[in-house]
Amino acid sequence: NAYEDFSELQKLYFDKENYAEKVKKLENEITASEKLLAENLELLEEYQHQLKEGKNQNLAFALAEKLVENQPCPVCGSLCHPNVVKSTVEYKSIEEKIAIQEKNVQTQKMLLESQKQNHGRDEALKKSLEKKKNSPQSPAPLANAAAAAPLRVSVTSRTNPTPRRNSH
């Protein structure tokens, strides 16, 4: 009957709107996740740079400890050593930071992939509902009539509502 067709059409419309909202929300979450992932990758690169610099400084310190005045430097051959490295960098804590950051990046990538899959699924459902709403099988004349005149429902009994169209 026409009322059931209209109810189905109305349900399709609200379902499509619901999925459109979900899609928009997921798009925002994906954007935020991509930004967070980029920040995590940048921080990981910074930790890796610190580790490399720390190892180089420790290597320089190890060489500097063995320098003897008037003996050639094993790196440059100089007999004079006026500015030797005075301290070492503790890079074990940097390695721990890198391990944690690598886990953060991996988790963020998995979350982002999941969000993209959900987005694709919801986008497909939204499009499916749009196609169903616009398909030849859906009551197109009813859809056109619904758009043309507002629907008023008068209830004569609780189980049997009767739709009526305004004549204006």
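The values are calculated or read from the model by the stated rules, or taken from the named source; none is laboratory data. The model shown is predicted, which means the values in this text are computed figures rather than measured ones. Glycine also receives a Cβ, built like all others from the backbone with ideal geometry; neighbour counts cover every protein chain displayed. Remember, those area values only see protein heavy atoms, side chains included, never the ligands or the DNA or RNA. Shrake-Rupley method; radii C 1.70, N 1.55, O 1.52, S 1.80 Å.
Of the residues that sit in segment 43-97 and are among the acidic types (Asp, Glu) and outside any loop (DSSP other than H, G, I, E, B), which one is farthest from Gln108 (Cα to Cα)? Looking at the filtered set, the residue picked out is Glu65.
On inspection, Lys132 does not qualify as in contact with a Phe, Trp or Tyr (Cβ under 9 Å, 6 or more places away or on another chain), open to solvent by 100 Å² or more (accessible area, probe 1.4 Å) and at pLDDT below 85. Number of residues in segment 15-42 that are open to solvent by 70 Å² or more (accessible area, probe 1.4 Å), within 15 Å of Thr107 (Cα to Cα) and either touching a helix residue (DSSP H, G or I) at 6+ places or on another chain (Cβ under 8 Å) or aliphatic (A, V, I, L, M) (or both) equals 2. Go through the residues of segment 81-91 one by one and say whether even a single one is at pLDDT 85 or above, open to solvent by 60 Å² or more (accessible area, probe 1.4 Å), within 42 Å of the chain's Cα centre (by Cα) and not aliphatic (A, V, I, L, M). Within segment 81-91 (the criterion being at pLDDT 85 or above, open to solvent by 60 Å² or more (accessible area, probe 1.4 Å), within 42 Å of the chain's Cα centre (by Cα) and not aliphatic (A, V, I, L, M)), the answer is no, since none of the residues qualifies. Pairing each residue of segment 27-41 that is assigned to a helix (DSSP H, G or I) with any residue that is open to solvent by 60 Å² or more (accessible area, probe 1.4 Å), provided the two are 6+ apart or on different chains, yields C-beta distances under 8 Å for Ile30/Lys116; Ser33/Leu111; Leu37/Lys109; Asn40/Asn104.
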